[in-house]
Amino acid sequence: MAGENGHFSLDVAKGDVLVCSFVGFATKEVIVGDSDLIEVLLTEQSYLLEPGAFRDKYKGKLMPPPPPPKRGNEKMLPSPPSPSSVSGKAEFYVVETMPEYKGGMERYFASLYTLVTQIGKEKGLSGLVKVEFTVNHKGEVVQVRPLDNYDSPEALEATRIVRKLDEWNPGKQRGKAVICKLVVPVEF
């Protein structure tokens, strides 16, 4: 049972493995030692969107995005990576259902590369900026920020582009909409 300040107690034995997780944070495993007090600090986690084959198909091209896929034919995003485990077995995923771009990931990357190509040519931009963003429980894109080249014109435009592509279905945990952080490489 948890107290007012969030402290609680568990019956565990030395050598037991505690798996601590919370949506939007990296899972952490702690092996119980001799101490009566165990402090666990979870760190925020983002999932990387990999452009894969979409990069080769759309980078540098100006084209309308493809039509949305028919429901059931395509998985929108790969499952998140399983947490590491002391036992070598994956126990669970932090987010059961990842956010999905309305129309599919091919449509997302086609739109991304079209905007990048247009703006990159107009403004003479080049280079790569990784942009982190959050898809909130309503499917809105919020907290958009570059992870590198912070003050560059490329970072400014990359964050603007990612913010513009805001048609998402939220991630879900146990059937309820949750927030999820994603990272996308934006290459001019």
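If you scan the stretch 168-188, which residues turn out to be surrounded by 15 or more Cβ atoms within 10 Å (Cβ to Cβ) and not aliphatic (A, V, I, L, M)?
Passing the criteria: 168, 169, 170, 171, 172, 173, 180, 181, 185, 187, 188.
Tell me which residues, restricted to the stretch 124-159, are among the aromatic types (Phe, Trp, Tyr) and closer than 23 Å to residue 99 by Cα.
Residue satisfying the conditions is 133 alone.
Please specify each residue of the stretch 156-166 satisfying the condition of being in contact with a Lys or Arg (Cβ under 9 Å, 6 or more places away or on another chain) and farther than 13 Å from residue 133 by Cβ.
157, the sole residue that qualifies.
Would you pick out the residues in the stretch 126-164 that are outside any strand (DSSP E or B), crowded, with 18+ Cβ neighbours inside 10 Å and either out of contact with any strand residue (DSSP E or B) (no Cβ under 6 Å at 6 or more places or on another chain) or among the β-branched types (Val, Ile, Thr) (or both)?
157, 159, 161, 162
Just the residues that are of a type outside the set (A, V, I, L, M, F, W, C) and either in contact with a strand residue (DSSP E or B) (Cβ under 7 Å, 6 or more places away or on another chain) or touching a residue at least 40 places away in the same chain (Cβ under 8 Å) (or both), please, taken from the stretch 38-55.
Selection gives 43, 44, 45, 46, 47, 51, 55.
Please go through (1) surrounded by 16 or more Cβ atoms within 10 Å (Cβ to Cβ); (2) in contact with a Ser or Thr (Cβ under 9 Å, 6 or more places away or on another chain) for residue 99 and return the number of the only condition it doesn't satisfy.
Among (1) surrounded by 16 or more Cβ atoms within 10 Å (Cβ to Cβ); (2) in contact with a Ser or Thr (Cβ under 9 Å, 6 or more places away or on another chain), the lone unmet condition for residue 99 is (2).
Given (1) of a type outside the set (Val, Ile, Thr); (2) exposed (fewer than 12 other Cβ atoms within 10 Å of the Cβ); (3) at pLDDT 80 or above, where does residue 88 come up short, assuming only one miss?
If we test residue 88 against (1) of a type outside the set (Val, Ile, Thr); (2) exposed (fewer than 12 other Cβ atoms within 10 Å of the Cβ); (3) at pLDDT 80 or above, just (3) comes out false.
Could you figure out which of (1) under 18 Å from residue 51 (Cβ atoms); (2) without any contact (Cβ under 8 Å) to a residue 12 or more places away in the chain isn't true of residue 109?
That leaves (2) as the condition not met.
Assess whether residue 61 counts as being loosely packed, with under 11 Cβ neighbours inside 10 Å, of a type outside the set (Ser, Thr, Tyr) and either modelled with pLDDT under 75 or in a loop (DSSP other than H, G, I, E, B) (or both).
yes
Within the stretch 21-31, can you find the residues that are modelled with pLDDT of 85 or more and surrounded by fewer than 16 Cβ atoms within 10 Å (Cβ to Cβ)?
30, 31
Suppose we keep only residues that are under 30 Å from residue 107 (Cα atoms) and part of a loop (DSSP other than H, G, I, E, B) within the stretch 32-58. Which one would you say is modelled with the lowest pLDDT?
Of everything passing the filter in the stretch 32-58, 45 is modelled with the lowest pLDDT.
Please tell me if residue 177 is outside any helix (DSSP H, G or I) and among the small types (Gly, Ala, Ser).
yes
The values are calculated or read from the model by the stated rules, or taken from the named source; none is laboratory data. Note that the structure is a prediction, hence the values are computed from the model and not measured. Note: ideal-geometry Cβ built from the backbone for every residue, glycine included; neighbour counts use all protein chains shown.
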